[in-house]
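Down below is the structure, laid out as structure tokens.
The values are calculated or read from the model by the stated rules, or taken from the named source; none is laboratory data. Bear in mind that the values here come from a model prediction, so they are computed numbers and not experimental data. As a convention, Cβ positions derive from the backbone with ideal geometry for all residues, glycine included, and neighbour counts pool all protein chains shown.
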Amino acid sequence: MKNTRRNFLKKISVAGILTPLITEKALAYPVITERKLRVALCGLGSYATNQLAPGIEKSKNCELVGIVTGTPEKAAKWKEKYKLQDKNIYNYENFDQIATNPDIDVVYIVLPNSMHADFVIRTAKAGKHVITEKPMSISVKEAKEMIEFCQKAGVKLGVGYRLHYEPFTQEIMRLVKDKDFGKVKFVETKFAWRNRNPNAWRMQNKYSGGGALMDVGIYCINASRYATGEEPISVTAQAVKTEPEMYRDIEETILWQLKFPSGAVASGMSSYATNAQKLSIHYENGGLDLAPAYDYGPLKGSTNKGPLEMPVVHHQAYQMDGFADAILNNKPILTPGEEGLKDMIIIEAIKKAAKTGKEVKINIL
Ligand code: NAD
């Protein structure tokens, strides 16, 4: 049954083009680890509760063994639900004691953006591997410090770019390499959701480091890089506020245009004032649309030759198995801190371009 589906998918992936594009990797993450990766989640909000914890449960090679929370009621609930040992339950104050805990391999930071750097550095100091959610930080400076600290501490630093581990995104990455449709000429992408809670940390610059650009625009930036296979060299941008009284402290809507060395251009939009989610890639000889492009799935794709059929997987489970593979088998992390830093460099350039109205050069090493 599995083989039949695999063979079928091999034949039709980009309809009409026969390429061996579905690998074992796409159907089940091919991780072989001697034991499970023992994960502690730090910050038990919506993403940790509804996506990451179930992802860890569904993964083949990870187990949730610990938590870090400021809320005792959550600690009790999670302890019961995931059968956690008391010694693996921390709060933000006693967190550093994790250094002497031999039963935790990696801490996954799922806190508001402005807290990522501090907790990544504390985790590295404790000698544990660390994964942080996107955006990895609220500035380029912080991102560089985080990378440096982890390098010095000899621990791995990963960023939760879950899409890199799922088949639709991997297919987009393959297409740019194998050029089934020729070179990429133009990318058009947007990600927006209507954020109406003025009290939420996402609406406060000191916690979020910005508005929709930091939160969801980052997906468009990251996609523009993997869809073209290039790093941008400059950007122009425009910031718009249709509801200044609602989005007082943060940017609401930003539009930007990234230029790449090949001449390709990626036009992006992120906003908290509307709902939108799409990635369109225009090649020399065809086009690909993904909509939704960035949600937890199922993602939905089409090309000018027909539907893009790819296996639908649990993003967080695949991502966790990817991290387990890298950490336990001592391989490079697919989405390391350096990947997060590149997006932070672009985010700062977009903000500067929107503020000055000038084209801003981008230098990604
Ligand atoms: P959330 O508000 O639901 O959870 C944040 C958690 O941090 C809560 O448990 C809260 O109690 C805790 N916290 C500790 N100190 C806090 C403070 N001073 N203010 C506010 N909360 C505090 O947020 P979330 O949606 O779970 O997002 C957490 C992180 O995960 C963010 O960086 C976000 O960008 C990222 N995220 C990633 C994805 C993805 O698909 N990769 C999806 C959603 C969120």
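Give the residues of the stretch 129-158 that are surrounded by 20 or more Cβ atoms within 10 Å (Cβ to Cβ) and over 17 Å from Ser208 (Cβ atoms), sorted by residue number.
His129, Val130, Ile131, Met146, Ile147, Phe149, Cys150, Val155, Lys156, Leu157, Gly158, listed by residue number.
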Looking only at the stretch 100-127, and only at residues there that are touching a Phe, Trp or Tyr at 6+ places or on another chain (Cβ under 9 Å) and β-branched (Val, Ile, Thr), the one that is surrounded by the fewest Cβ atoms within 10 Å (Cβ to Cβ) = Ile121
Given the conditions (1) under 26 Å from Val240 (Cα atoms); (2) among the β-branched types (Val, Ile, Thr); (3) surrounded by fewer than 21 Cβ atoms within 10 Å (Cβ to Cβ), and given that Val312 satisfies all but one, which numbered condition is not satisfied?
-> (1)
Checking Ala353, Ala293, Ala326 in turn, the sole residue that is among the small types (Gly, Ala, Ser), within 16 Å of the ligand (Cβ to nearest atom), buried (at least 19 other Cβ atoms within 10 Å of the Cβ) and modelled with pLDDT of 95 or more turns out to be Ala293
Which condition does Leu84 not pass, out of (1) touching a Phe, Trp or Tyr at 6+ places or on another chain (Cβ under 7 Å); (2) within 14 Å of the ligand (Cβ to nearest atom), if it passes all the others?
-> (2)
Which number in (1) surrounded by 17 or more Cβ atoms within 10 Å (Cβ to Cβ); (2) at pLDDT 95 or above; (3) outside any helix (DSSP H, G or I) marks the one condition that Thr274 misses?
-> (1)
Name, by its number, the condition in (1) within 9 Å of the ligand (Cβ to nearest atom); (2) touching a Phe, Trp or Tyr at 6+ places or on another chain (Cβ under 7 Å) that does not hold for Lys74.
-> (2)
Go through (1) among the hydrophobic types (A, V, I, L, M, F, W, C); (2) away from the ligand (no atom under 16 Å from the Cβ); (3) in contact with a strand residue (DSSP E or B) (Cβ under 7 Å, 6 or more places away or on another chain); (4) under 26 Å from Ser262 (Cβ atoms) and name the single condition Met173 misses.
-> (3)
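Residue-by-condition table, conditions (1) of a type in the set (Val, Ile, Thr); (2) closer than 28 Å to His314 by Cα; (3) modelled with pLDDT of 95 or more; (4) more than 10 Å from the ligand (Cβ to nearest atom):
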| site | (1), (2), (3), (4) |
| --- | --- |
| Asp103 | no, yes, yes, yes |
| Pro112 | no, yes, yes, no |
| Ile121 | yes, no, yes, yes |
| Lys134 | no, yes, yes, no |
| Ser139 | no, no, yes, yes |
| Cys150 | no, no, yes, yes |
| Tyr165 | no, yes, yes, yes |
Return a yes/no flag: does the stretch 196-208 have any residue that is polar (S, T, N, Q), assigned by TED's automatic domain parsing to the domain that holds Ala266, within 11 Å of the ligand (Cβ to nearest atom) and not in a loop (DSSP other than H, G, I, E, B).
-> yes
Per the filter on the stretch 176-195, residues out of contact with any Cys (no Cβ under 8 Å at 6 or more places or on another chain) and within 16 Å of the ligand (Cβ to nearest atom) are Ala192, Trp193, Arg194, Asn195
Taking the stretch 32-52 only, how many residues are within 11 Å of the ligand (Cβ to nearest atom) and either part of a loop (DSSP other than H, G, I, E, B) or touching a helix residue (DSSP H, G or I) at 6+ places or on another chain (Cβ under 7 Å) (or both)?
-> 7
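Residues checked against (1) in the same structural domain as Glu348 (by TED's automatic domain parsing); (2) in contact with a helix residue (DSSP H, G or I) (Cβ under 6 Å, 6 or more places away or on another chain); (3) within 14 Å of the ligand (Cβ to nearest atom):
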| residue | (1), (2), (3) |
| --- | --- |
| Asn61 | no, yes, no |
| Leu64 | no, yes, no |
| Trp78 | no, no, yes |
| Gln97 | no, no, no |
| Ala126 | no, yes, no |
